[in-house]
Amino acid sequence: MFFLTKTAKVFTDEEKIKILSDIVAIETVDRNEEDVANYLAALLSEYGIDSKVIPTGIPGRANLVAEIGSGSPVLAISGHMDVVSAGNAEAWTSDPYTLTERDGKLFGRGSTDMKGGLAALVIAMIEIKEQGLLERGTLRLLATYNEENGAVGSIQLEEAGYVSDVDAIVIGEPTTGMIHPSHKGSMNFVVSSRGKSVHSSRPRGGINAIDPLMDFALAFKQAFKEATKDISFGQLDFSPVLNLYGAVEGDDAGNQELDQLLKQPTFNVTVFRGGDQVNTIPDHAEVVFNIRTVPEFDNEAVKGVFSEVYQEYLDKGADFDLQLTLDLKPLNGGVDSDLVQLTKTLGATYLNQDLEVVPMTGGTDGANFVANKPAGYPIIIFGPGSTTSHQIDEYVDKDEYLTFVNLYIDLLATYLENK
């Protein structure tokens, strides 16, 4: 049984846009998620939905949990409340924290990543409750903090047991006409080096903090390359959407190389800083590595390679400190799950297109939510948005945002009804 073309009846289009506008206006760059949580909690309360704003011990930062229905099956819906920096606000065509409509697009930081998806999910939850569409099971909202800079919020919710009884998960990240049941993992290593500063004309009395750190970065890169060179990668298959990553029509060799590259883990030095004056031997330096992992060479494998090289340099006398600031594992959800199949069916109706089921290169809270779930678990990353995440003049298409509200109503209610 399908509730095809189910539409919102409680909220007008203007009210849906107002909700998105209100949460975009709350600047949540590594802070203030509690304000979004309180706003959403108050909105849910207007319609008799109880929620919990869960403090984190950090002022201004919180998770939000709410649910309707009871018993099993349990379907979780999730979105993060934080955003990345707007960057140079003067480069924006309009104020990044004022949702602004132009040419059918809604501009603002977080409109795509991912307050648009979060707002659509919350509105859908209210509509399902008010229209009496939840005939069985539980629909649980998990709104997180800190996804963009460590994904700590989802770790805390998983450890607190909020997904232990969850049978499937929908995360409303922007997916631009695709369904993502899987994605790469992501790791951030920060290695700091200490030295001793002296005048550069008399370097013998000092210790240059940059030198061993440069050597270490190159050694880690080489060890990573050696550890992965003979592995056959293929669990994450991006071949149906190579055009999104720069494939060129007719360039078979180049496209095949791109296909293989996307399936593999990647190693990048993304930050290197040290010293503060040209004529002084630097007494401090720092390097940041970002590693994108895959099921065949996951986070534990990377840690093994890293630890071996790191210990080698400590044994040589390097004065290093280490922080692992992100440890997001690859997500390996079920590509043929009932949740995926239903989403494809409804996507064709609401979005008038066939949705590709492919991995994504970026990471999400989903990896933490399924930390104790089996491989092939029913989870999808699926939401409204454009390819302007993290960019100047980020936007979500207005009609797509409004359509996703109705799509979510149908998807969530139908999935629970048929499980």
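The table below lists the values:
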| item | result |
| --- | --- |
| log10 of Debye I(q)/I(0), alpha-carbon scatterers only, for segment 156-203 at 0.20, 0.22, 0.27 Å⁻¹ | -1.01, -1.06, -1.10 |
| Accessible area per residue in Å² at 1.4 Å probe, computed on segment 87-188 | 29 |
| Interchain or long-range residues, amide H under 5 Å from ILE179's placed H | GLU356, VAL357, VAL358 |
| Per-residue [θ]222 nm for the chain (sum of -39500 (n - 2.57) over DSSP H runs n ≥ 4, rounded to 500) | -10500 deg cm²/dmol |
| Gyration tensor verdict on segment 74-200 (Cα atoms; rounded if a/c is under 1.5, prolate if a/b is larger than b/c, oblate otherwise) | oblate |
| Spatially proximal lysines relative to LYS52 (Cα-Cα < 24 Å; intrachain offsets below 8 disregarded) | LYS16, LYS18, LYS115, LYS129 |
| Spatially proximal aspartates and glutamates relative to LYS303 (Cα-Cα < 13 Å; intrachain offsets below 8 disregarded) | ASP327 |
| The chain - charge dipole about Cα centre, Lys and Arg +1 at Cβ, Asp and Glu -1, debye rounded to 20 | 640 |
| Distant-in-sequence amide H partners of ILE379 (H built 1.01 Å from N, under 5 Å) | ILE169, GLY334 |
| LEU244-SER232 pseudo-label distance in nm [points 7 Å out on the Cα-to-Cβ vector] | 2.7 |
| Solvent exposure of segment 321-388 as accessible area per residue, Å², 1.4 Å probe | 40 |
| Highest-fluctuation residue, ILE409, ILE123, ILE58 considered, GNM on the chain with Cα pairs under 10 Å | ILE58 |
| Nearest-0.05 FRET efficiency for SER307 and ALA42, computed from C-beta distance (R0 51 Å) | 0.60 |
| The chain - percent of accessible surface contributed by carbon and sulfur, probe 1.4 Å | 46 |
| Karplus 3J(HN,Hα) series, Hz, for segment 214-224 with 6.51 cos²θ - 1.76 cosθ + 1.60 (x for Gly, Pro) | 5, 4, 4, 4, 5, 5, 5, 4, 5, 5, 4 |
| 5 angstrom amide H check on HIS284, placed H, neighbours 5+ away | GLY195, ALA209, GLY275 |
| Relative frequency of Cα-Cα separations exceeding 30 Å in the chain, percent | 47 |
| Contour excess over end-to-end distance, with Cα ends at ASP13 and ALA375 and 0.36 nm allotted per residue | 126.4 nm |
| For segment 224-370: rounded, prolate or oblate by the Cα gyration tensor [a/c cutoff 1.5] | prolate |
| Surface accessible to a 1.4 Å probe, per residue, for the residues of segment 6-50, Å² | 48 |
| Segment 65-80 - phi-based ³J(HN,Hα) in whole Hz, Karplus 6.51/-1.76/1.60, Gly and Pro as x | 10, 8, 8, 10, x, 7, x, 9, x, 10, 10, 9, 10, 8, x, 9 |
| Protection proxy ranking of 214-226, 364-376 - average other beta-carbon atoms within 10 Å, highest first | 364-376, 214-226 |
| For the chain, built as a Gaussian network whose Cα springs stay under 10 Å, the top-fluctuating residue of GLN156, GLN277, GLN264 | GLN277 |
| Accessible area, probe 1.4 Å, largest first, for residues ARG194, ARG136, ARG109 | ARG194, ARG136, ARG109 |
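The values are calculated or read from the model by the stated rules, or taken from the named source; none is laboratory data. These numbers were taken from a predicted model, which means no experiment stands behind them. Note that we place each Cβ from the backbone using ideal geometry, even for glycine, and neighbour counts take in every protein chain shown. These accessible areas exclude ligands, DNA and RNA; they are computed on the full protein's heavy atoms, side chains included. Shrake-Rupley method; radii C 1.70, N 1.55, O 1.52, S 1.80 Å.
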